[in-house]
1. Taking region 296-316 as the search range and keeping residues that are within 26 Å of F267 (Cα to Cα) and in contact (Cβ under 8 Å) with a residue 60 or more places away in the chain, which one is surrounded by the fewest Cβ atoms within 10 Å (Cβ to Cβ)?
2. Given the structure, is V144 part of a helix (DSSP H, G or I) and surrounded by fewer than 21 Cβ atoms within 10 Å (Cβ to Cβ)?
3. Of the conditions (1) open to solvent by 30 Å² or more (accessible area, probe 1.4 Å); (2) closer than 22 Å to S194 by Cα; (3) part of a helix (DSSP H, G or I); (4) not acidic (D, E), G104 clears all except one; give me its number.
4. Using the structure shown, decide if Y249 is farther than 23 Å from E67 by Cβ and either touching a strand residue (DSSP E or B) at 6+ places or on another chain (Cβ under 7 Å) or surrounded by fewer than 17 Cβ atoms within 10 Å (Cβ to Cβ) (or both).
5. Hey, could you check region 169-225 for residues that are outside any helix (DSSP H, G or I), aliphatic (A, V, I, L, M) and more than 22 Å from D36 (Cβ to Cβ) and say which is most open to solvent (accessible area, probe 1.4 Å)?
6. Considering P129, P117, P108, P113, which residue is more than 30 Å from F205 (Cα to Cα) and in contact with an Asp or Glu (Cβ under 6 Å, 6 or more places away or on another chain)?
7. In a helix (DSSP H, G or I) and under 13 Å from the mean Cα position of the chain (by Cα), is that true of S263?
8. Taking only region 263-284 into account, find how many residues are hydrophobic (A, V, I, L, M, F, W, C) and in contact with an Asp or Glu (Cβ under 8 Å, 6 or more places away or on another chain).
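The values are calculated or read from the model by the stated rules, or taken from the named source; none is laboratory data. Not measured: the values here are computed from a predicted model. Note that each Cβ is placed from the backbone with ideal geometry, even for glycine, and that neighbours are counted across all protein chains shown. For accessibility, only protein heavy atoms count, side chains too; no ligands or nucleic acids. Shrake-Rupley method; radii C 1.70, N 1.55, O 1.52, S 1.80 Å.
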Amino acid sequence: NADDDAVATDTAVTMAVVLGTMVAILAGLVAIQTRDTATTKNAAASPAGKSTFIADSHTQPSKHAYEMFALYYTPVWIGCFAIIVGFQLYESFTAATYDVVCVGLSLPYLLQPFVLPAAVFGSPDAKRPWYHRYATKANLWLAVYSFIGNYWYTHYFYSVLKARYTMPAHRLNNVPIALYFATHFYFSTYHVLSNACLRKVVTTFAPGLRRTVLFIGVVVVLSYFTAFMETLTISSFPYYSFEDRNMAYTVGSAFYGIYFLVSFPAFFAFDADIDTKKKRITLWDAFVSSCGHGMMILCLLDFVRLQLGVPLIVGDLEATAAESSGSDSALSWLVDYSSGWFGGPSSS
């Protein structure tokens, strides 16, 4: 109706102003930078004068191969999702189908360190034990982060933005299990792209206060933009709903962006010395690092919730039953795999 159209127009104008302002500020910060011409010994940067988005194949071959593999796989999972949403294939999905699709799309990332350690691009990981490989540690870092995000952070969206998942789903803590895996390949792509943008800043401009401010600015803009674009692109999927979708675009994007304010710079710095052997990061280090950054995000989300005065409800089983009457608990999700996965009747 006319009222909805007016609200949608106002939201579009607001988002255009917000994003336009952010871009203008970044452009101003870039304009005052000085290009870096000095030789650097920092393994997290490329040789002098070489401005780059992707990790340098000579100074950081492990990160280079991992990032290239992730970038080449990204169009695959995006294409699969585009087909599923575009042709509304999800209308015939059962809870098991969602699991199969999301687990299947996450496997290339999860299995790459073990099945294809060279990652097609000649990664030194192929010569390392599986537990010392950069790709193994990066996947562990993102997997732990994805789990924490779904298990805990999702309830802030339920409570603050009144978000709901209403498709058939096997759930863990009132969150569809399929999303734990979907988040892994989403976040793998997001963090490789954020690495590229942050590396461009570090390898292009001279160190100092101005570059630091630009670096922070890029993190803030990337965080908000990433959150907004995910919210926008998922809007055509009818089984993820908000009480006020327009607020989800504006305020919700800022709320979701809190995740990336912490994780983007953290993942950029993660295991920076993998190819210099200055410091060895173990799997336990990766696990603890992800948990620590995850707690930072949880605290920030809760500070915002407290400021808004919104009660937090975690694991609301009654809501789960009301929202998805055809869903099962996580304890029984394996039962469905004995019957048809695609298009067949769900046993739930």
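1. D302
2. The answer is yes for V144.
3. For G104, the exception is condition (2).
4. Considered against the rule, which asks whether it is farther than 23 Å from E67 by Cβ and either touching a strand residue (DSSP E or B) at 6+ places or on another chain (Cβ under 7 Å) or surrounded by fewer than 17 Cβ atoms within 10 Å (Cβ to Cβ) (or both), Y249 comes out as no.
5. My answer is L172.
6. Result of the check over P129, P117, P108, P113: P117.
7. yes
8. Of the residues in region 263-284, 1 are hydrophobic (A, V, I, L, M, F, W, C) and in contact with an Asp or Glu (Cβ under 8 Å, 6 or more places away or on another chain).
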